[in-house]
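**Q** This is the structure, below, for whatever I ask next.
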Amino acid sequence: MWLGLDDTDSLAGGCTTQVFDQLLRAIPCEFGEPRLVRLWPFAARRTRGNAALAVELFCDDSIIPWLDNYWTDHIMPLVGEISESHHSDREQFPADPGMVLFENQPDEKLYWDTVRGKVELTNIGHQWGGHGRIGAIAACAWPAQIVTWEGIAWRVGIRKVCPQALESVDRLEGTFLCRDPRTSRGLIAPRGPCPIMFGVRATSREVAMKATIILVDGVGTAEVSDHRIFATNQASGDHIVQSFTTVINTKKILKGGHIILNEKLLSFSESGEMNLLCQWLNIGDKIQYLGLEFNGQIHLEGVKLISSIEKERPLCECGTRMKSMGEDQGIRCPKCKLTSTDNWVETIRKPPAEGWVQPPVDKRRHLAKQF
Ligand SMILES: [Zn+2]
């Protein structure tokens, strides 16, 4: 059987990961690897990074009465709680939890549709609750082709992670996005009333577990109530189908430093090196890009320069740049007056950053691939 849960976040301190952890601690059957699945970042009702939870249960449908009771006693009371958002300008939605149960894992198409766009609720499986059922179904349907891991611990009181423990976890091979490489600021602890103490990401389950234990045991870490390792689709790039190649025709710099290329490709000013690269581009340059379409624009998540060639008049023997004397009139050195037939030299421009360039780590989407 497959169980999914979503949309139980609340400003009062609820958090879907913790609600799910508590359910797993109580459930009277064996279960597989819990999964934390990020979904389409533009979903209108998204709560904190739009993550849903799922797990395979090793039982039959005789678990349903137990789930009925658990739903009524522990999850129903969360309905209508206002969810926390890091963006105060975004419309707030009350929590509308949803839980689903399937005998067999649902078709992976349900995952791909939900991670890449807006979907309506499908009436399949056994369902409890409201809007959260959409994410809960998608989390069950995740085929886990590209998997990373996250160790999450929940706090009892204050949120405090031992800085030395964080440093050693950051050095551990196989962890990622622990600290901002530019500022050394920790990236594992959320802010606000959320009950999560930290979430540490890794490329293997073993490393996620090791890092979690180091952090929990850190002398400077405050008390945690529990911790658990989740298989996730974070850093999978699953939300973007493919990259595209284009030639720059137009470049507009908007108020605030955001840049629009070709009237469609949007780079935000907070995008650091990626925004600098977009600013540096000239008309005629060729780029490859990754982005997510929203409201007719593509929000860039990665840009790679393919070619940028500058055409200039050649230098004269005396070292001065030659100039055109008019159409079909050839070129002439403004200093020593040497003339030559009309010609150009092409130089390859060197970009401010080579290869794929992404927004800084703290501005990247949970789903964004690591280059
Ligand atoms: Zn000259």
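**Q** Can you spot a residue in segment 343-358 that is within 16 Å of the ligand (Cβ to nearest atom), farther than 30 Å from residue 199 by Cβ and assigned to a loop (DSSP other than H, G, I, E, B)?
**A** At the first step, the residues of segment 343-358 found to be within 16 Å of the ligand (Cβ to nearest atom) are 343, 345.
Restricting the remaining residues to those that are farther than 30 Å from residue 199 by Cβ gives 343, 345.
Applying the additional criterion that residues be assigned to a loop (DSSP other than H, G, I, E, B) yields 343.
The answer is yes, given that some residue of segment 343-358 is within 16 Å of the ligand (Cβ to nearest atom), farther than 30 Å from residue 199 by Cβ and assigned to a loop (DSSP other than H, G, I, E, B).
**Q** Moving on. Report whether or not residue 155 is open to solvent by 30 Å² or more (accessible area, probe 1.4 Å) and within 22 Å of the chain's Cα centre (by Cα).
**A** Working: open to solvent by 30 Å² or more (accessible area, probe 1.4 Å): yes; within 22 Å of the chain's Cα centre (by Cα): no.
So residue 155 fails the test.
**Q** OK, next. Which residue, of 126, 131, is open to solvent by 10 Å² or more (accessible area, probe 1.4 Å), modelled with pLDDT of 95 or more and in the same structural domain as residue 113 (by TED's automatic domain parsing)? Give the steps one after another, and end with the answer.
**A** Values: 131 fails: modelled with pLDDT of 95 or more.
Of 126, 131, the one residue that is open to solvent by 10 Å² or more (accessible area, probe 1.4 Å), modelled with pLDDT of 95 or more and in the same structural domain as residue 113 (by TED's automatic domain parsing) is 126.
**Q** Give the number of residues within segment 296-336 that are more than 16 Å from the ligand (Cβ to nearest atom), open to solvent by less than 70 Å² (accessible area, probe 1.4 Å) and over 39 Å from the mean Cα position of the chain (by Cα). Spell out the reasoning first.
**A** Of the residues in segment 296-336, the ones more than 16 Å from the ligand (Cβ to nearest atom) are 296-311, 326-329.
When the remaining residues are screened for being open to solvent by less than 70 Å² (accessible area, probe 1.4 Å), the result is 296-305, 307-308, 326.
Retained after the next criterion (residues that are over 39 Å from the mean Cα position of the chain (by Cα)): 326.
Total satisfying the criteria: 1.
**Q** Next question, about the same structure. Please count how many residues of segment 218-254 are open to solvent by 60 Å² or more (accessible area, probe 1.4 Å), over 24 Å from the mean Cα position of the chain (by Cα) and either free of Cβ contacts under 8 Å to residues at least 24 places away in the same chain or closer than 21 Å to residue 356 by Cα (or both).
**A** The qualifying residues number 5.
Per-residue answers, yes or no, for (1) of a type outside the set (Val, Ile, Thr); (2) away from the ligand (no atom under 16 Å from the Cβ); (3) open to solvent by 80 Å² or more (accessible area, probe 1.4 Å):
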{"site": "263", "(1), (2), (3)": "yes, yes, yes"}
{"site": "287", "(1), (2), (3)": "no, yes, no"}
{"site": "294", "(1), (2), (3)": "yes, yes, no"}
{"site": "360", "(1), (2), (3)": "yes, yes, no"}
{"site": "366", "(1), (2), (3)": "yes, yes, no"}
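The values are calculated or read from the model by the stated rules, or taken from the named source; none is laboratory data. Just so it is clear, the structure is predicted and the values come from calculations on it, not from any experiment. Cβ: placed from backbone, ideal geometry, glycine included. Neighbour counts: every protein chain shown. Ligands, DNA and RNA are excluded from the accessible area calculation, which covers all protein heavy atoms including side chains. Shrake-Rupley method; radii C 1.70, N 1.55, O 1.52, S 1.80 Å.
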